[in-house]
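The values are calculated or read from the model by the stated rules, or taken from the named source; none is laboratory data. A quick note: this is a predicted structure, and the numbers were derived from the prediction, not measured. Here the Cβ is made from the backbone with ideal geometry for all residues, glycine too, and neighbour counts use every protein chain on show. Heavy atoms of the whole protein, side chains included, go into the accessibility calculation; ligands, DNA and RNA do not. Shrake-Rupley method; radii C 1.70, N 1.55, O 1.52, S 1.80 Å.
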Amino acid sequence: MTSSLLVVGSVALDSVETPFGKADDVLGGSANYFAASASHQTPVQLVGVVGSDYPIAKLEPLAKRGVDMSGLEHAEGESFRWRGRYRHDLNSAETLETRLGVFSHFRPKLPEQFKSAKYVFLANIDPRLQLEVLSQIAAPKLVACDTMNFWIESRRADLLALIERVDLITLNDGEARQLTEQANLVQAARWILARGPKTVLIKKGEHGAFMFTKDSVFYAPAYPLESVFDPTGAGDSFAGGFMGYLARTDDLSEANLRRAVIMGSAMGSFVVEGFSITRLLEITRADIDRRVADFHRLVSFDQALPA
Ligand code: AMP
């Protein structure tokens, strides 16, 4: 049974430089990537804000894919802009500029029909906005959040308050180390688990992702792609695949969480094949099924020793 999935996050214009090319003012932001990815699994409710300069028509393909945009506010002023660069190490983005624009005065007000969301993803954005959205949701079944170095540095206290209220957190390895001040990732996960979340997902770019709970660890490799074009949005698309799968199946067992991690890894592997959300809009259910089957082959082995 499909359950409702809500996301709040940045709706951005990104300018990105990679060793393979450059894109200016393209559709980006954590909420856009998440929604484009999750919409392959389930309808999505999006909460965010755009400025008067936003090319609204470019969001139409998302609306057509089942993303409910009635929680997207249109404000006077400049849209959120992020400018970043990847050098040969495609695992870490270098932020050149972050301009919050209309996000600095945004006070999210959820449409009535969003308040009963069961699955909630507080994507990377000011933790105060993540908290404001969370406080408007009546009885969520699973609340997950993401963040990044920008907010760990500038809003640490709010972020720690948020972490106490979520069931699951996704972070990349650098962010996990920065947040917890632990060099070892297992200890970083323990540090977070001690503060409230029951599940911690630590992503390591091309080296895959770990899911930690109090009693278990699961590891999924990243799909071994021959060419990665632009890593922007990999984390949010991972989260979209993961949360979308959980909302679609409405099953929070350990076995299903593991399947969701693989779906997240599959979706992350598509988005990096092109700039912006282009690939996420092109792929079909059959492409996704094939990639999930590839993952199954990638990690299957026979445990028995040869006689
Ligand atoms: P990722 O999935 O981690 O690669 O996220 C990429 C997206 O994060 C880009 O499309 C950016 O617009 C967005 N982003 C970058 N910095 C921030 C920030 N400080 N707050 C919210 N979103 C951001």
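General observations
- Conditions (1) within 16 Å of the ligand (Cβ to nearest atom); (2) under 14 Å from the mean Cα position of the chain (by Cα): number failed by Gly208: (2)
- Residue that is farthest from the ligand (Cβ to nearest atom) [pool: residues in segment 139-156 that are under 14 Å from Lys198 (Cα atoms) and open to solvent by 10 Å² or more (accessible area, probe 1.4 Å)]: Lys141
- Within segment 209-228, the residues that satisfy the criterion of being farther than 10 Å from Phe270 by Cα and surrounded by fewer than 19 Cβ atoms within 10 Å (Cβ to Cβ) are Thr213, Lys214, Asp215, Ser216, Val217, Phe218, Tyr219, Pro221, Pro224, Glu226, Ser227.
- Screening segment 1-111 for strands (runs of 3 or more DSSP E) wholly inside it with 2 or more residues that are open to solvent by less than 30 Å² (accessible area, probe 1.4 Å) and of a type in the set (Gly, Ala, Ser) returns the ranges 12-18, 21-28.
- Residue in segment 112-125 that is farthest from the ligand (Cβ to nearest atom), counting only those that are part of a loop (DSSP other than H, G, I, E, B) and within 20 Å of Ser154 (Cα to Cα): Ala123
- Qualifying residue in segment 241-253 (condition: within 16 Å of the ligand (Cβ to nearest atom), within 25 Å of Asn124 (Cβ to Cβ) and touching a strand residue (DSSP E or B) at 6+ places or on another chain (Cβ under 7 Å)): yes
- Yes/no for Val102 being in contact (Cβ under 8 Å) with a residue 24 or more places away in the chain and within 16 Å of the ligand (Cβ to nearest atom): yes
- Per the conditions (1) within 12 Å of the ligand (Cβ to nearest atom); (2) modelled with pLDDT of 95 or more, the sole criterion not satisfied by Ala23 is (2).
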